[in-house]
Amino acid sequence: MRYLALVAVPTVLAAAFFYAASESRHAVSAQDFVNLQQGSMVQQGFRRAHAKGFCVSGDFVSSGALAEYSSARVFQAGQHPFIGRFSIAGNNPTAPDLKAPVRSLALTLLPETAEQWRTAMNTPPVLAFRNWRASYQPTQSYATEQYHSINAFYLVNASGAQQAVRWAAVPTVRPDNQLPDPEAADALQQELFARLNQGPVVFDLVFSLATAADNPDDATVSWPQTNPQLVAGQLHIKQAAAQSDGECNAINFDPLVLPSGIKPSADPILRARGAAYAESHRRRAREVLTNTLAGAQHE
């Protein structure tokens, strides 16, 4: 019998990371998991995981390389806008950037359309966190990390043919050791804002295609580097803003918000992530509304 277990790390591992999935009475509910994420001290109005972050925006310049695999508008050659968010793991919105074990990049592509695509990517490539953490060497910039989809999805073309994939945002610049202020709690944010003053931050969006040997429903096992890979295009991050002022703050980056042409795999971890994201979003939205109404009453 399969069971659901939570990954325990010093700061809560990326939002709604579930190490194994359940179909039994041992399943942990989204409410229970979000309770674990937020801990005993609720940070009102903030995400329960990845509470600290900031907003970014820019364009995805699609190469058209995936057009034969997916009918999704976002994979047609051209330029497609996105709203995104860089963040670190944990429930503390004032935590030091360089102390977090996981960094994340979440995106909503084509945000103003019915064809929007949301993806929440993290530095671990799969959920075997302990093995990854032992060899992971964090860089000194959000711009030089690689961010992974974790779960697999299916691309679906106009004929209905399906191809299982995972993807990663791969940096186009090499890491360096330059930080404006390495001791600052916001060291990574400061570095990214300064970097954007010199021009866009660019990532290749690289898709790995599953073979018959890969199980799309298991997010704990890496796929071989020899799998076919296609560069769907480039993410050009052009602007950044504090999350309190940015458009990303109200977005629930639920990885199950998909356009036609992309389908979720049957991975139960993926469903669990979606449920946890939704529960966290409901709680902080309720807190923001309550605090706003309370403030209005005292004016």
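A few notes on this one:
- Of the residues making up region 66-87, those that are of a type outside the set (S, T, N, Q) and within 16 Å of THR119 (Cα to Cα) are ALA72, ARG73, VAL74, PHE75, HIS80, PRO81, PHE82, ILE83, GLY84, ARG85, PHE86.
- So PRO224, is it within 24 Å of LEU127 (Cα to Cα) and surrounded by fewer than 17 Cβ atoms within 10 Å (Cβ to Cβ): yes
- In region 237-276, the residues that are among the hydrophobic types (A, V, I, L, M, F, W, C), surrounded by 16 or more Cβ atoms within 10 Å (Cβ to Cβ), at pLDDT below 95 and not in a loop (DSSP other than H, G, I, E, B): CYS248, ILE269, LEU270, ALA272, ALA275, ALA276
- Just one residue in the set PRO228, PRO125, PRO200, PRO182 is over 18 Å from the mean Cα position of the chain (by Cα) and at pLDDT below 95; that residue is PRO182.
- Taking strands (runs of 3 or more DSSP E) as the structural unit, those lying wholly within region 41-152 and holding at least 2 residues that are touching a residue at least 24 places away in the same chain (Cβ under 8 Å) and within 24 Å of ASP217 (Cβ to Cβ) correspond to 103-109, 117-122.
- Filter pass, GLN234 being of a type in the set (S, T, N, Q) and open to solvent by less than 50 Å² (accessible area, probe 1.4 Å): no
- Restricted to region 151-179, and to residues there that are among the β-branched types (Val, Ile, Thr) and farther than 28 Å from ILE269 by Cα, the residue that is modelled with the highest pLDDT is THR172.
- The condition (being modelled with pLDDT of 95 or more and surrounded by fewer than 16 Cβ atoms within 10 Å (Cβ to Cβ)) is satisfied by just one residue among GLY58, GLY78: GLY78.
- Residue check for LEU192: at pLDDT 95 or above and either among the aliphatic types (A, V, I, L, M) or in contact with a Pro (Cβ under 9 Å, 6 or more places away or on another chain) (or both): yes
For every residue, the table says whether it meets (1) of a type in the set (Lys, Arg); (2) under 17 Å from the mean Cα position of the chain (by Cα).
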position	(1), (2)
CYS55	no, yes
VAL61	no, no
ALA65	no, no
TYR69	no, no
ALA72	no, no
PHE75	no, no
ARG85	yes, yes
ASN91	no, yes
THR94	no, no
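- Any hit, region 287-294, residues being surrounded by fewer than 18 Cβ atoms within 10 Å (Cβ to Cβ), within 21 Å of the chain's Cα centre (by Cα) and either of a type outside the set (Ser, Thr, Tyr) or under 30 Å from PRO93 (Cβ atoms) (or both): no
- Identity of the residue in region 78-133, among the small types (Gly, Ala, Ser) and out of contact with any strand residue (DSSP E or B) (no Cβ under 8 Å at 6 or more places or on another chain), that ends up farthest from ALA51 (Cα to Cα): ALA114
- Filtered residues of region 115-160 (kept if open to solvent by 50 Å² or more (accessible area, probe 1.4 Å), of a type in the set (A, V, I, L, M, F, W, C) and out of contact with any Ser or Thr (no Cβ under 7 Å at 6 or more places or on another chain)): ALA134
- Contacts under 7 angstrom Cβ, first residue in region 181-192 being open to solvent by 60 Å² or more (accessible area, probe 1.4 Å), partner in a loop (DSSP other than H, G, I, E, B), 6 or more apart: GLN190/PRO180; GLN190/ASP181; GLN190/ALA184
The values are calculated or read from the model by the stated rules, or taken from the named source; none is laboratory data. Here the structure is a predicted model, which is why all the values come from computation and not from measurement. So basically every Cβ, Gly included, is an ideal-geometry build from the backbone, and we count neighbours across all protein chains shown. When the accessible area is computed, the model is the full protein with side chains, heavy atoms only, and any ligands, DNA or RNA have been set aside. Shrake-Rupley method; radii C 1.70, N 1.55, O 1.52, S 1.80 Å.
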